[in-house]
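Here's the structure, in structure tokens; my notes come after.
The values are calculated or read from the model by the stated rules, or taken from the named source; none is laboratory data. These numbers come from a predicted model, not from an experiment. Here the Cβ positions follow ideal geometry from the backbone for every residue, glycine too, while neighbour counts run over all protein chains shown. Please note that ligands, DNA and RNA were not included when accessible areas were found on the heavy atoms of the full protein model with its side chains. Shrake-Rupley method; radii C 1.70, N 1.55, O 1.52, S 1.80 Å.
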Amino acid sequence: QQLIQRVVIRLFVDGAWLHKFWSCHRLSDRCFAIQGRQFHLCARCTGLAVGIPCSLLLLPMYRWLFPVFCVCALTLSADGLTQLMRWRESNNALRFATGLGTAATFAPSMLALIQALR
């Protein structure tokens, strides 16, 4: 657990490269914090950033992940839009989960789409 915490701090708190590479609003109420220090990305962007490498692990399952990606992308969009329209207030756990699910299923889904278009 301590190793994981050190890795998370190194990547998301001390890693200034992430802030330079990834444009994010970094609103404090929408960011995770660890040991009193705020992440360089909001919860949704953190989920996206974690999901990208996970998508490479899911590539072998590309044939059945496109419907999952569609559900995840719609959920992410609905969460973001309903919050933007001030119809409801989201929370960081939901923001992270929708970002993670969408990013993790994106690459396999694009592979499935390319295969289907051949």
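Looking for something over 27 Å from A116 (Cα atoms), among the β-branched types (V, I, T), free of Cβ contacts under 8 Å to residues at least 24 places away in the same chain and assigned to a helix (DSSP H, G or I) - is there at least one such residue anywhere in the stretch 2-12? Show your work before the answer.
Let us first name the residues in the stretch 2-12 that are over 27 Å from A116 (Cα atoms), namely 2-12.
Pick out the ones that are also among the β-branched types (V, I, T) and you get 4, 7-9.
Next, from what is left, pick out any that are free of Cβ contacts under 8 Å to residues at least 24 places away in the same chain: 4, 7.
Pick out the ones that are also assigned to a helix (DSSP H, G or I) and you get 4, 7.
Yes - at least one qualifying residue is present in the stretch 2-12.
If you scan the stretch 80-96, which residues turn out to be among the charged types (D, E, K, R) and outside any loop (DSSP other than H, G, I, E, B)?
Across the stretch 80-96, the qualifying residue is only R95.
The rows are residues; the columns are (1) open to solvent by less than 80 Å² (accessible area, probe 1.4 Å); (2) in contact with a Leu (Cβ under 9 Å, 6 or more places away or on another chain); (3) farther than 26 Å from Q2 by Cβ; (4) assigned to a helix (DSSP H, G or I).
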position: H40; (1), (2), (3), (4): yes, yes, no, no
position: V50; (1), (2), (3), (4): yes, yes, no, yes
position: A78; (1), (2), (3), (4): yes, no, yes, yes
position: T98; (1), (2), (3), (4): yes, yes, yes, yes
position: T102; (1), (2), (3), (4): yes, yes, yes, yes
position: L111; (1), (2), (3), (4): yes, yes, yes, yes
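Select, from T105, T82, the only residue that is of a type in the set (S, T, N, Q) and touching a residue at least 24 places away in the same chain (Cβ under 8 Å). First the steps, then the outcome.
Details: T82 fails: touching a residue at least 24 places away in the same chain (Cβ under 8 Å).
Of the residues listed, the single one that is of a type in the set (S, T, N, Q) and touching a residue at least 24 places away in the same chain (Cβ under 8 Å) is T105.
Among residues belonging to the stretch 13-55 that are among the basic types (K, R) and in contact (Cβ under 8 Å) with a residue 40 or more places away in the chain, point out the one that is farthest from E89 (Cα to Cα). Steps first, please.
Let us first name the residues in the stretch 13-55 that are among the basic types (K, R), namely 20, 26, 30, 37, 44.
Still in the running and in contact (Cβ under 8 Å) with a residue 40 or more places away in the chain: 30, 44.
Values: R30: 11, R44: 14 Å.
So, considering only residues that are among the basic types (K, R) and in contact (Cβ under 8 Å) with a residue 40 or more places away in the chain, the one farthest from E89 (Cα to Cα) is R44.
If I ask for residues that are within 16 Å of the chain's Cα centre (by Cα) and either surrounded by 15 or more Cβ atoms within 10 Å (Cβ to Cβ) or of a type in the set (D, E, K, R) (or both), which ones from the stretch 23-38 would you list?
Hits for the stretch 23-38 are C24, R26, R30, C31, F32.
Residues in the stretch 58-68: is at least one under 17 Å from the mean Cα position of the chain (by Cα), in a helix (DSSP H, G or I) and closer than 22 Å to H19 by Cβ?
Looking for residues that are under 17 Å from the mean Cα position of the chain (by Cα), in a helix (DSSP H, G or I) and closer than 22 Å to H19 by Cβ, one finds none in the stretch 58-68, hence no.
Counting only residues that are touching a Lys or Arg at 6+ places or on another chain (Cβ under 7 Å) and either among the β-branched types (V, I, T) or within 19 Å of L113 (Cβ to Cβ) (or both), how many does the stretch 51-103 have?
Of the residues in the stretch 51-103, 2 are touching a Lys or Arg at 6+ places or on another chain (Cβ under 7 Å) and either among the β-branched types (V, I, T) or within 19 Å of L113 (Cβ to Cβ) (or both).
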